[in-house]
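A.B. asks: I have a structure here, written as structure tokens, and I will follow up with some questions on it.
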Amino acid sequence: MSALVNSASSREPSRIGIVGGGLAGLAAAVALAESGQSVELFETKRRLGGRATSYEDPQTNVLIDNCQHVAMGCCTNFLDFCNRAKIQHLLRRDSRLHFIAHGGRRNDFRGVNWLPAPLHLAPSFLQLTYLTLKERVQICRGLLRLSRVSLTSDPGQSTIGEWLRKDGQTERAIRCFWEVVLVSALAESLDRASLAAARKVFVDGFLNANAAYEVYVPTVPLQQLYDQVASHLSTQHTSIHLSKPATSLRPATNEVQLVFDDGSSRAFDFVIVAVPWRRVADILPPELSKVSNAATSITSSPITSLHLWFDRSIMSLPHAVLIDRLSQWIFAAPATGVYYYQVVISASRDLAGRNRESVLDEVLQDLCETWPDAKQAELIEWRMITEQHAVFSVTPETERQRPPQQTDCPRILLAGDWTQTDWPATMEGAVRSGYLAAEAILSQLGIDKPQVVPALEPSWLARWLRLT
Ligand SMILES: Cc1cc2nc3c(=O)[nH]c(=O)nc-3n(C[C@H](O)[C@H](O)[C@H](O)COP(=O)(O)OP(=O)(O)OC[C@H]3O[C@@H](n4cnc5c(N)ncnc54)[C@H](O)[C@@H]3O)c2cc1C
């Protein structure tokens with residue numbers, strides 16, 4: 001350690017290699033470059049972004065995202081990253097969430113600014129008339145109990161599904177409320193998702209702070225965000241190498257050799273491995289086999305998105321949450337002259353045995369039942385994209401396997417949404433992990449520069465109710 005601190009005091013920038021150009025790797029790069037380090041990032045694909053990415057559609061040559069990605073107001077690190085990388089203007093903020101139940105009944109969910117959290121959402125919640133009054137009262141009580149659950153007395157064993165049933169929540173309340181929020185937020189079914197992750201969604205995302213529930217939606221294909229991030233990094237003397245897969249790491253006393261698939265290698269003072277859990281064992285050295293084994297045991301959860309182009313508008317809202325339907329969220333593309341919509345189905349395991357046309361038919365039926373005018377619209381094009389390994393499955397077992405960013409080899413760090421971040425698989429988790437890895441390197445260099453941004457300040461009422 002002292003050797004590392006000495007090298008910092010000589011003020012030579014450290015050479016830092018980052019493997020993986022997803023949000024975790026990019027966040028680490030932004031943080032380290034700002035601190036004056038010499039950063040090189042290596043990405044195996046031709047594009048940055050990893051799992052939050054765009055494709056060029058081979059039939060139309062149009063850039064489309066693998067899936068609409070959204071963040072929330074509680075994603076303080078992701079939003080900080082957007083500010084630092086100067087892409088915040090490419091996100092819009094939706095502070096009114098549109099829930100639509102069977103029969104087309106619409107309830108808007110909106111915070112009241114002058115009421116302290118969690119009361120700010122009470123007026124909207126009480127107007128969720130697709131739930132009976134009894135269900136609403138039962139859910140409120142459940143939310144209070146969930147926020148006060150002691151996770152230390154539940155050593156990572158329970159799923160949220162088990163907890164809700166023990167709490168006496170009815171099947172209908174589970175299907176029409178708990179599942180609606182949690183399956184999209186965690187991309188996992190309630191019978192698998194951990195109690196801790198579910199609690200976090202409600203406490204951090206809705207109950208603690210007024211701005212937490214707001215949704216941030218990119219207004220351009222994700223690729224355009226990364227183009228800006230890359231150009232920002234180039235002004236910080238950071239090199240990005242695309243189509244450059246790393247194959248292994250060789251730690252030595254004073255450096256780490258990073259080896260590439262063409263047989264070449266490069267020496268760095270530190271290397272951050274920011275690849276998904278399924279790839280990490282390919283790269284890590286035998287000294288870190290414990291981490292490799294833990295990563296290998298983590299399972300995945302799929303997300304499906306349907307991209308639909310119609311000849312006319314089918315809804316006037318920027319987004320909608322459909323209750324108790326196969327189609328969970330629908331997003332309208334910004335006015336570009338084409339009527340392009342994305343329907344998102346998280347934790348889409350059940351679609352595995354179905355053919356694509358039957359999934360499309362059910363989604364179209366969802367849309368036509370929700371907006372009867374959609375029956376007149378002609379579907380011009382459609383694509384269905386399923387990412388089988390969209391996110392790590394946030395089960396109680398996974399929670400116990402997630403490794404910290406620091407490893408037993410001090411010059412090798414981990415980053416990625418799947419590492420210990422206290423967050424489920426999200427862009428926020430990815431950015432946090434990148435910041436944590438950067439922070440750990442800077443600290444080894446004797447530079448005390450916190451990178452992780454704190455959570456939103458809880459309201460006085462949330463503190464008084466002990467929701468935090
Ligand atoms: C369909 C879908 C929808 C989602 N929706 C949302 C959402 O709405 N909101 C949200 O917050 N999150 C969402 N997520 C999750 C979010 O995309 C991820 O949590 C986040 O992007 C993970 O970032 P990461 O950097 O940790 O990993 P990744 O994005 O997986 O990045 C890892 C990178 O490492 C590269 N790599 C792998 N091996 C090597 C190697 N040997 N050498 C060099 N590079 C390598 C990969 O190509 C990849 O680019 C969604 C994910 C998917 C797939």
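A.B. asks: Once you have the Cα-Cα distance between SER150 and ASP167, take 0.36 nm times their residue separation minus that, and quote the gain in nm to one decimal. Mind dumping the intermediate values first?
C.D. replies: Working: separation 17, 0.36 × 17 = 6.12 nm, distance 1.44 nm.
4.7 nm is the gain from fully extending SER150 to ASP167.
A.B. asks: When 1/r is averaged over all different Cα pairs and the result inverted, which Kirkwood radius in Å belongs to the chain?
C.D. replies: On the way: mean 1/r = 0.0430 Å⁻¹.
One over the average 1/r among Cα pairs gives 23.2 Å for the chain.
A.B. asks: Check cross-link reach from LYS244 to the aspartates and glutamates: straight Cα distance under 19 Å, and skip same-chain residues fewer than eight apart.
C.D. replies: Within the straight-line cut-off, LYS244 pairs with GLU40, GLU43, ASP227, ASP261, ASP262, ASP282.
A.B. asks: What is the local net charge at ALA101, summed over the other residues whose Cβ is closer than 15 Å to its Cβ (Lys, Arg +1; Asp, Glu -1)?
C.D. replies: Within the 15 Å Cβ shell, the charges total 0.
A.B. asks: Using a cut-off of 12 Å between beta-carbons, work out the net charge of the residues near VAL220 (Lys and Arg +1, Asp and Glu -1, VAL220 not included). Don't skip to the end; give the middle numbers.
C.D. replies: Working: positive: ARG92; negative: ASP65, ASP227.
Taking every Cβ under 12 Å from that of VAL220, the sum is -1.
A.B. asks: Can you bin every Cα-Cα distance in the stretch 109-213 into 5 Å intervals starting at zero and give me the percent of pairs per bin, rounded to whole numbers?
C.D. replies: Percent of pairs per bin, in order: 2, 12, 23, 26, 21, 11, 4, 0.
A.B. asks: Something else: Given points 7 Å out from each Cα along the Cα-Cβ axis, report the LYS86 to LEU379 separation in nanometres with one decimal.
C.D. replies: The modelled label-to-label distance comes out at 4.2 nm.
A.B. asks: Something else: Report ³J(HN,Hα) in whole Hz for each residue of the stretch 422-431, in order, from the Karplus equation J = 6.51 cos²θ - 1.76 cosθ + 1.60 where θ = phi - 60°; Gly and Pro get x.
C.D. replies: For the stretch 422-431, the Karplus curve yields 6, 10, x, 6, 8, 4, 4, x, 4, 5 Hz.
A.B. asks: What's the FRET efficiency of GLU362 with THR132 using the Cβ-Cβ distance as r and R₀ = 25 Å, to the nearest 0.05? Numbers along the way, then the final one.
C.D. replies: Values: r = 27 Å, r/R0 = 1.07.
My answer for the efficiency is 0.40.
A.B. asks: Under a point-charge model restricted to the Cβ atoms of Lys and Arg (+1) and Asp and Glu (-1), what is the dipole moment magnitude of the chain relative to its Cα centre, in debye to the nearest 20? Please list the in-between numbers first.
C.D. replies: Values: 46 positive and 48 negative charges, 194 e Å.
That gives the chain a dipole magnitude of about 940 debye.
A.B. asks: Just order 429-442, 161-174, 52-65, 291-304 by mean Cβ neighbour count inside 10 Å, highest at the front, would you? Write down the numbers at each step before the final one.
C.D. replies: Details: 429-442: 28.5, 161-174: 16.1, 52-65: 14.6, 291-304: 18.9.
Ranked from most to least packed, the peptides come out as 429-442, 291-304, 161-174, 52-65.
A.B. asks: A further question follows. Name the residue farthest towards the positive end of the dipole of the stretch 130-211 from the options VAL149, ALA196, LEU186, assuming +1 on Cβ of Lys and Arg, -1 on Cβ of Asp and Glu, about the Cα centre.
C.D. replies: My answer, from the dipole projection, is VAL149.
A.B. asks: How far apart, in nm, are the 7 Å Cα→Cβ label points at SER243 and SER265?
C.D. replies: 2.5 nm
A.B. asks: Here is a follow-up. Mind sorting GLU399, GLU381 by how few other Cβ atoms lie within 10 Å of their own Cβ, fewest first? Write down the numbers at each step before the final one.
C.D. replies: Values: GLU399 19, GLU381 14.
Exposure proxy ranking, most exposed first: GLU381, GLU399.
A.B. asks: Hey, got the dipole for the stretch 58-175? About the Cα centre, +1 on K and R Cβ, -1 on D and E Cβ, debye to the nearest 20? Show your work: numbers first, answer last.
C.D. replies: Values: 17 positive and 9 negative charges, 70 e Å.
It comes to approximately 340 debye.
A.B. asks: Describe numerically, in nm with one decimal, the distance between label points set 7 Å from Cα along Cα→Cβ at ARG354 and at ASP57.
C.D. replies: Calculated label separation equals 2.1 nm.
Computed from the coordinates by the stated procedures, all read-outs in this text should not be read as laboratory data. For clarity, every value in this text was computed on a predicted model and none was experimentally measured. A quick note on method: Cβ atoms are made from the backbone with ideal geometry, for glycine too, and the neighbour counts reach across all protein chains shown.
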